[in-house]
1. Work out the length of the dipole vector of the stretch 94-157 about its Cα centre, built from +1 on the beta-carbon of each Lys and Arg and -1 on the beta-carbon of each Asp and Glu, and round it to the nearest 20 debye.
2. Test of understanding: what is the full-extension gain from ASN59 to THR36, defined as 0.36 nm times their sequence separation minus their Cα-Cα distance?
3. For the stretch 79-87, just list the computed ³J(HN,Hα) in residue order, Karplus coefficients 6.51, -1.76 and 1.60, θ = phi - 60°, integers in Hz, with x standing in for Gly and Pro.
4. Quick one: pull the percent of accessible area on the stretch 123-176 belonging to carbon and sulfur, 1.4 Å probe, ligands and nucleic acids left out.
5. Dipole magnitude of the stretch 17-117 about its Cα centre, charges +1 at Lys/Arg Cβ and -1 at Asp/Glu Cβ only, in debye to the nearest 20?
6. Determine how large the accessible area of ARG171 is when every protein chain is in place; take a 1.4 Å probe and give Å² rounded to the nearest 10.
7. Report Rg/Rh for the stretch 123-176, rounded to two decimals, where Rg is the Cα radius of gyration and Rh the Kirkwood radius.
8. Under the classification rounded if a/c is under 1.5, otherwise prolate if a/b is larger than b/c and oblate if not, where does the stretch 70-112 fall, given a ≥ b ≥ c as square roots of the Cα gyration tensor eigenvalues?
Amino acid sequence: MAGGAAKYRHLSRKSSHRQALLRNLVTSLFKHESITTTWAKAKEAQRLAEKLITLGKKNTAASRQTALATFYTPHEILPKLFGPLRTRYANRPGGYTRVLRVEPKKDDAAESAVLELVDGPKDMRFAMTARTIARQRAQGFDTLNEITTQNVRKVTRFRENGVKVLEKAIRQLKLSGHGAEGAEAGAAPGAGATAKGRSGGGVSIKSIVEKNKKKGKKTA
């Protein structure tokens with residue numbers, strides 16, 4: 001409507017070019033599960049990606065036809081959308097994608113971002129949470145700060161066997177030595193005494209998730 005507020009970003013393109021761009025972005029996203037682009041493009045592609053996953057969960061003839069007309073390589077993406085992704089997000093009510101700001105990679109310093117499918121193999125929040133906990137365990141901490149605790153809840157809540165998968169990722173980081181990064185640097189010189197919040201046990205992911213569930217029941 002003339003004079004009305006814009007409901008989407010034009011991305012400095014005509015309608016046909018804009019649609020082609022978004023189709024290309026979501027095709028790459030569903031193929032690789034993570035893409036890097038500008039912030040504006042990521043936010044617009046996110047809207048389309050969310051709609052496509054909703055169509056995948058419906059799994060009707062009409063939804064398949066719409067998805068078929070959207071992807072540039074439907075023969076490659078449709079089996080994934082109506083198969084593994086439909087199963088992955090069966091119990092998730094929404095929020096299938098995530099946009100994270102990153103450092104600009106172009107000379108024009110345009111805002112850059114990573115658009116990713118959540119609960120997948122390239123989930124950055126999951127990876128960063130696992131690395132944080134592995135480092136804290138290497139340092140002997142028994143507790144996590146509020147932000148990390150919230151991230152544990154977010155990355156395990158709808159992921160199948162979320163707690164076990166996160167524990168496995170943490171163990172792999174520990175075995176590869178990445179969990180110990182910063183452990184020696186973070187320790188005070190000659191620190192032999194046990195600091196507050198430290199012990200040899202390490203924080204338990206299962207206990208964190210159970211505490212969050214109890215809190216949720218109390219506030220419900």
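The values are calculated or read from the model by the stated rules, or taken from the named source; none is laboratory data. Here the structure is a predicted model, which means the values were calculated and not measured. Please note: Cβ atoms are built from the backbone with ideal geometry, for glycine as well, and neighbour counts cover all protein chains shown. Areas reflect the complete protein model, heavy atoms only, side chains present, ligands, DNA and RNA absent. Shrake-Rupley method; radii C 1.70, N 1.55, O 1.52, S 1.80 Å.
1. Here the size comes out at about 260 debye.
2. Values: separation 23, 0.36 × 23 = 8.28 nm, distance 2.85 nm.
Gain in length upon complete extension: 5.4 nm.
3. Here the 3J(HN,Hα) series is x, 6, 5, 8, x, x, 5, 4, 5 Hz.
4. Details: 1600 of 3210 Å².
The nonpolar share, carbon plus sulfur, comes to 50 percent.
5. Working: 18 positive and 9 negative charges, 95 e Å.
It comes to approximately 460 debye.
6. Probe radius 1.4 Å; accessible area of ARG171 about 130 Å².
7. On the way: Rg = 10.4 Å, Rh = 11.1 Å.
Radius of gyration over Kirkwood radius for the stretch 123-176 works out to 0.94.
8. Values: a/c = 4.46, a/b = 1.76, b/c = 2.54.
Oblate shape, in that a/c is at least 1.5 and b/c is the bigger or equal ratio.
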